[in-house]
């Protein structure tokens, strides 16, 4: 009787191992490739360094009469020069989420040193499409060809009313990353 139970146990273990192997079979393979380069481009914003200031025009609060109103669209550009390396073909800008970015809209909040209230700064791409900072799916960005050694990406910043705007200063900032493809 004891011999019979050992055979049954052994048979059950072998059958169990057979099914366990098929339950763990792979359905496919994902291959991941990448490139690391020590060569990128020199970056400047509005002919300044890579860390620059964009100054919006002084406007009246009457230019922002209601929620969603915009005013003072100001162009700025990010120029890439001295791009070298066989792997650098195109580049785009990713505007990062950060301390001043409102996560739900991607607009830039006025900092503590800014005294105006109910106003944000909205970023736009060259086609005046809204950029949602911090969101990879809503950057509204256009890649630029840098295979000939450089390129320029054009953007706008503008005031955006998110309530009844009061007068004062507006100060904000956003970090950005250049994505090379």
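Spot the failing condition for residue 62; the list is (1) under 23 Å from residue 127 (Cα atoms); (2) out of contact with any strand residue (DSSP E or B) (no Cβ under 9 Å at 6 or more places or on another chain); (3) modelled with pLDDT of 95 or more, and only one is missed.
With respect to (1) under 23 Å from residue 127 (Cα atoms); (2) out of contact with any strand residue (DSSP E or B) (no Cβ under 9 Å at 6 or more places or on another chain); (3) modelled with pLDDT of 95 or more, residue 62 is out only on (1).
Given the condition more than 16 Å from residue 56 (Cα to Cα), under 20 Å from the mean Cα position of the chain (by Cα) and not in a loop (DSSP other than H, G, I, E, B), answer yes or no: does some residue in the range 95-109 qualify? Break it down into steps so the answer makes sense when it comes.
Our first condition is that a residue be more than 16 Å from residue 56 (Cα to Cα); within the range 95-109, this holds for 95-106.
Those left that are additionally under 20 Å from the mean Cα position of the chain (by Cα): 95-106.
Subsequent filtering for residues that are not in a loop (DSSP other than H, G, I, E, B) retains 95, 101.
So far as the range 95-109 goes, yes, one or more of its residues are more than 16 Å from residue 56 (Cα to Cα), under 20 Å from the mean Cα position of the chain (by Cα) and not in a loop (DSSP other than H, G, I, E, B).
What tally of residues in the range 110-127 results from selecting those that are loosely packed, with under 15 Cβ neighbours inside 10 Å, touching a residue at least 24 places away in the same chain (Cβ under 8 Å) and not in a strand (DSSP E or B)?
3
Taking residue 155 as meeting all but one of (1) touching a residue at least 24 places away in the same chain (Cβ under 8 Å); (2) assigned to a loop (DSSP other than H, G, I, E, B), write down the number of the exception.
(2)
Hey, can you tell me all the residues within the range 147-172 that are surrounded by fewer than 18 Cβ atoms within 10 Å (Cβ to Cβ) and under 11 Å from residue 110 (Cβ atoms)?
Within the range 147-172, 166, 168, 169, 171 meet the criteria.
Take residue 134 and decide whether it is surrounded by fewer than 21 Cβ atoms within 10 Å (Cβ to Cβ) and closer than 20 Å to residue 178 by Cα. Reasoning before the result, please.
Numbers: surrounded by fewer than 21 Cβ atoms within 10 Å (Cβ to Cβ): yes; closer than 20 Å to residue 178 by Cα: yes.
For residue 134, the condition - surrounded by fewer than 21 Cβ atoms within 10 Å (Cβ to Cβ) and closer than 20 Å to residue 178 by Cα - is met.
What is the one condition in (1) at pLDDT 95 or above; (2) surrounded by fewer than 15 Cβ atoms within 10 Å (Cβ to Cβ); (3) touching a strand residue (DSSP E or B) at 6+ places or on another chain (Cβ under 8 Å) that residue 72 does not satisfy?
In the conditions (1) at pLDDT 95 or above; (2) surrounded by fewer than 15 Cβ atoms within 10 Å (Cβ to Cβ); (3) touching a strand residue (DSSP E or B) at 6+ places or on another chain (Cβ under 8 Å), residue 72 misses (2) alone.
Find all pairs meeting these conditions: Cβ atoms under 6 angstrom apart; at least six residues apart or on different chains; first residue within the range 57-79 and without any contact (Cβ under 8 Å) to a residue 60 or more places away in the chain; second residue not in a loop (DSSP other than H, G, I, E, B).
Here the result reads 57/72, each pair linking the range 57-79 to a residue that is not in a loop (DSSP other than H, G, I, E, B).
Pick from the range 77-91 the residues that are outside any loop (DSSP other than H, G, I, E, B) and surrounded by fewer than 17 Cβ atoms within 10 Å (Cβ to Cβ): which of them is modelled with the lowest pLDDT?
Of the residues in the range 77-91, the ones outside any loop (DSSP other than H, G, I, E, B) are 77-81, 90-91.
Then drop every residue that is not surrounded by fewer than 17 Cβ atoms within 10 Å (Cβ to Cβ), which leaves 77, 81, 90.
Working: 77: 96, 81: 95, 90: 90.
Taking the candidates together, the pick is 90.
Which condition from (1) in a loop (DSSP other than H, G, I, E, B); (2) touching a strand residue (DSSP E or B) at 6+ places or on another chain (Cβ under 9 Å); (3) closer than 22 Å to residue 98 by Cα is the one that residue 179 breaks?
If we test residue 179 against (1) in a loop (DSSP other than H, G, I, E, B); (2) touching a strand residue (DSSP E or B) at 6+ places or on another chain (Cβ under 9 Å); (3) closer than 22 Å to residue 98 by Cα, just (1) comes out false.
The values are calculated or read from the model by the stated rules, or taken from the named source; none is laboratory data. Everything numeric in this text was worked out from a predicted model, so none of it was measured. Don't worry about glycine lacking a Cβ; one is built from the backbone with ideal geometry, like all the others, and counts go over all protein chains shown.
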